[in-house]
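First comes the structure, then the notes that go with it.
The values are calculated or read from the model by the stated rules, or taken from the named source; none is laboratory data. These numbers were taken from a predicted model, which means no experiment stands behind them. Note: ideal-geometry Cβ built from the backbone for every residue, glycine included; neighbour counts use all protein chains shown. Note: areas computed on protein heavy atoms with side chains; ligands, DNA, RNA excluded. Shrake-Rupley method; radii C 1.70, N 1.55, O 1.52, S 1.80 Å.
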Amino acid sequence: MKIQFPFLSTSIETDILGVLLLTPLWMVLGFNIFIYQGITLLVLMKWMILSRSYGESLSIPRPLVWFGFYLLAYWCSLLINFGNLSLQRILASINSYLIYIMGFFLALVSYHSASWGFLLRFLRVGRHLCLVTGILTLFCLGLWYAGYKNLYFDTLVGKVLPGLMRFPYFYSQLQMTLTRTDILSISVPRIDIYNGSTTDTGGFMLLIIPLLMAFYGLQPKKKWEYCLLFVISFVPLLASMSRSALCTFIGSLVLVNFIERRKDIYYSVFGFIAVLLASNFILRSLFWLSKIREISTNARLQLYAKALREVIEKNPLIGVGVKLRDGFTMTAIGSHSTYVGIVLVTGFVGFTFYMLFQFFILRTWYAQRNHLRNHDELVIWKYLGMAFIATSVFLSTENLDNLPYYAYGYFVLVACILFFSALLTEKPVDLSQIR
């Protein structure tokens, strides 16, 4: 029996998906501040060695080319604004930049590792994460009702290196908050399994629940198991009390079902909006959700407005290079929205490149529907699209560059959408033989 050492003698595919699978463990240990970037660097080196030995040529998909231009704009903004920035803000911006660099190379290596096996294992990882997160959530809710109203602890890295806790970014990553009490008309539990802001658990579920749906869509005989796991995985989405995550989940599901029925994209979008407007129940629900935390909503809008004023006044073309922060505060100007943050840091040049990156991902996904050959391919296509649309919309209210685990999963998803086009040109395979 051959002994394999994790991340050394294992395959690139196993390395990439194994790190994502162990996300809850990295959270508890505090390894989330470096493990994703470190493993991406490792698989990049392994891929470069293997591609050279096999004489493989490098090809970069068009969406990643635009993302590369975005990275270039980001770096130029840092260099141009360097003299006007504090060292702490420069280091924080470089940390965010490295997360985007990680995303670029992770997507590139994953794209060149394309296989049906990779894709199906990615769906299986999503299923396992849904199960683990759902069970953890039920356990934490039980503790809350047992009297542990605010449950949190420092991770292993936070205990060993307490000096890191003096920095807002590391504090948010190295203190594990499982439950907290939220005051609405009554006290209710709020779940925060994944580090970051209080809504990030809900946002992460937007990424992995569609993978669960695709996994069981390929196995229609397991309906009862699917129903049970879907309910379990939906609990953390609800218990995160993220308004944007809940609404985005419903909206993205409606939209991909419209597109699946071969409707024109413009008809699908306008039809989706019409469904929301025509449903009195949905309107009432959205109104109720918007009023739960009116103070929080107003605070976010003020942050967005201030960030846009800053970039327009200082450098609308290339941005200010960093997110602005005064002292130890968790609400930096430019936070709570990936897109507003991109405008502030890289200006409208960087924002344009990033939006082109997302546009070409969506166009690639949309064009794939004309090449689907069977039910299994339809299921995979549908739910990959749902996951990408849902996470992309959710990022309008959260920071991708502050969530290494989210960025890691997001860019693996991007790679899967891109190489799915290549798989559709190959001879059809019986996926049941691979599963």
Amide H to amide H, which residues 5 or more places from GLY319 or on other chains are under 5 Å from it, using H placed in the peptide plane? GLY347, PHE348
Order these peptides, 77-87, 383-393, by their mean beta-carbon neighbour count within 10 angstrom, highest first. 383-393, 77-87
Quick tally, 1.4 Å probe accessible area for ARG363, ARG127, sorted with the most first, runs ARG363, ARG127
The FRET efficiency for LYS314 and TRP224, from their Cβ-Cβ distance with R0 = 41 Å and rounded to 0.05, is 0.10
With a 1.4 Å probe and all protein chains in place, put LYS46, LYS149, LYS427 in order of accessible area, largest first. LYS427, LYS149, LYS46
Apply 1/(1 + (r/R0)^6) to the Cβ-Cβ distance of HIS375 and SER11, taking R0 = 45 Å, and write down the FRET efficiency to the nearest 0.05. 0.95
Backbone HN-Hα couplings from phi across region 120-133 [Karplus 6.51/-1.76/1.60, Hz, Gly and Pro as x]: 5, 5, 4, 5, 5, 4, x, 5, 5, 5, 4, 5, 5, 5
Taking the Cβ of SER11 as the center, what net charge do the other residues with Cβ under 11 Å away carry, scoring Lys and Arg +1 and Asp and Glu -1? 0
Area of THR198 that stays accessible when all protein chains are in place (1.4 Å probe, Å², to 10): 40 Å²
Give LYS221/LYS382; LYS149/LYS222; LYS46/LYS221 a once-over and call out the pairs whose C-alpha atoms are over 29 Å from each other. LYS149/LYS222; LYS46/LYS221
Once amide H atoms are built 1.01 Å from N in the peptide plane, which residues 5 or more positions from LEU178, or in another chain, come under 5 Å H to H? LEU151, TYR152, PHE153
Step through the residues of region 357-370 one at a time and calculate ³J(HN,Hα) from phi using the Karplus curve (6.51 cos²θ - 1.76 cosθ + 1.60, θ = phi - 60°), rounding each to whole Hz and writing x for Gly and Pro. 4, 5, 4, 6, 5, 5, 5, 4, 4, 4, 5, 5, 5, 7
Using the Karplus equation 6.51 cos²θ - 1.76 cosθ + 1.60 (θ = phi - 60°), what ³J(HN,Hα) coupling, rounded to whole Hz, does each residue of region 79-88 give in order, writing x for Gly and Pro? 5, 5, 9, 3, x, 9, 10, 6, 4, 5
Taking 1 over the mean of 1/r across every pair of different Cα atoms in region 19-102, what Kirkwood radius in Å do you get? 15.4 Å
Within-15-Å neighbourhood charge of THR338 [Cβ basis; K, R +1; D, E -1]: -1
Would region 373-435 count as rounded, prolate or oblate if I go by the C-alpha gyration tensor, calling it rounded below 1.5 in a/c and otherwise prolate when a/b exceeds b/c, oblate otherwise? prolate
log₁₀ I(q)/I(0) of region 1-148 at q = 0.18 Å⁻¹, via Debye over equal Cα point scatterers, no solvent, to two decimals? -1.18
Sulfur and carbon atoms: percent of accessible area, region 1-117 [1.4 Å]: 72 percent
Under 5 Å, built H, 5+ apart or other chain: amide partners of LEU324: ILE333
Inter-centroid distance (Cα atoms) of region 79-151 relative to region 18-57, Å: 13 Å
Computed from every Cα-Cα pair in region 63-115, P(r) in 10 Å bins starting at 0 and rounded to whole percents is 22, 44, 23, 9, 1
Cα gyration tensor of region 121-206, axes a ≥ b ≥ c as square roots of the eigenvalues: rounded (a/c below 1.5), prolate (a/b > b/c) or oblate? oblate
